[in-house]
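The structure appears below as structure tokens.
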């Protein structure tokens with residue numbers, strides 16, 4: 001039995017761009033800036049930049065709803081590719097093939113005071129999205145949890 005699953009949470013380093021293969025299959029690639037759990041010897045958090053590839057509905061979903069700086073949670077598998085560079089040298093690169101992409105943050109809907117305008121998660125076609133009736137969750141939401149300010153990215157506990 002083998003297992004190849006990876007889950008990452010980070011911010012997009014650039015806007016994703018939708019491309020299509022010759023057969024018309026949607027594909028996009030982007031990078032996530034993922035902070036490490038620990039600090040370096042100098043006391044600073046280090047960041048890994050991880051290449052992600054998404055196909056079909058997931059690619060379309062990412063391109064429709066994610067932009068540079070947006071927090072994303074990516075679930076997929078690690079893929080190692082061998083290739084040859086322009087000078088004939090053998091190269092190897094690692095990338096994550098995304099099966100599911102979720103929002104790692106919430107985007108305020110300015111037209112709806114205190115509500116959220118969050119489309120469905122991972123690769124659902126954009127045409128199936130309808131904003132929730134009543135404007136979504138306000139501060140406190142149905143579970144009684146209050147919203148946290150994300151000023152410095154640190155949790156208050």
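The values are calculated or read from the model by the stated rules, or taken from the named source; none is laboratory data. This is a predicted model, so every value here is computed, not measured. Note that we place each Cβ from the backbone using ideal geometry, even for glycine, and neighbour counts take in every protein chain shown.
Observations on the model:
- Failed criterion for residue 17 (all others in (1) over 14 Å from residue 102 (Cβ atoms); (2) in contact with a helix residue (DSSP H, G or I) (Cβ under 8 Å, 6 or more places away or on another chain); (3) in a strand (DSSP E or B) hold): (3)
- Residue count, region 23-48 (criterion: closer than 18 Å to residue 58 by Cα and exposed (fewer than 10 other Cβ atoms within 10 Å of the Cβ)): 2
- Members of region 55-75 found to be within 18 Å of residue 93 (Cβ to Cβ) and more than 10 Å from the chain's Cα centre (by Cα), listed by number: 55
- Long-range neighbours under 7 Å by Cβ, at least six apart or interchain, first residue at positive phi and assigned to a strand (DSSP E or B) within region 42-57, second surrounded by 14 or more Cβ atoms within 10 Å (Cβ to Cβ) and at pLDDT below 90: none
- Matching residues, region 19-64, being at pLDDT below 95 and out of contact with any strand residue (DSSP E or B) (no Cβ under 7 Å at 6 or more places or on another chain): 37, 38, 41, 42, 43, 44
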